[in-house]
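A short write-up of the structure that comes next.
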Amino acid sequence: MSLWQKVRDNKRFVIGLVVTPVGLYTGIRIKEWRTERKVTNVQREVQSVQQPAPLSKSDDIRAELDNLRQARAALIRQESLLTMEQDAIWAKQKRLDAQDAKRSAKK
């Protein structure tokens, strides 16, 4: 039996001998590439967090102005709520004064 005959008879074994190492090598390389890519992405994220892009002065001023506007709106809402509460207290005080006046008039 010749060598070629033995190879033909054992095709699957021969293919396995060739494909398995190539597949393992390729799989390992793909895994290494993915790992390197993940590490690179994490490093980029860390750098972007550690070194935020500097804001220009106009951006700082705009951000501060927005914060002040929001604070002003919050204060206006609080003032409105306090005014309503004060009106309710005054109305209650008037009712109590009227009840005291009626009680005094009865005595």
Residues of the stretch 37-81 classified as open to solvent by less than 100 Å² (accessible area, probe 1.4 Å) and either among the hydrophobic types (A, V, I, L, M, F, W, C) or assigned to a helix (DSSP H, G or I) (or both), total: 19
Top-ranked residue of the stretch 19-36 - restricted to ones that are open to solvent by 90 Å² or more (accessible area, probe 1.4 Å) and either at pLDDT 90 or above or of a type outside the set (Phe, Trp, Tyr) (or both), ranked as nearest to residue 7 (Cα to Cα): 24
Qualifying positions in the stretch 82-107 - open to solvent by 90 Å² or more (accessible area, probe 1.4 Å) and at pLDDT below 90: 102, 103, 106, 107
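The values are calculated or read from the model by the stated rules, or taken from the named source; none is laboratory data. Keep in mind it's a predicted model, so treat the numbers as computed, not measured. Just so you know, the surface numbers come from the protein's heavy atoms only, side chains and all, with ligands and any DNA or RNA stripped out. Shrake-Rupley method; radii C 1.70, N 1.55, O 1.52, S 1.80 Å.
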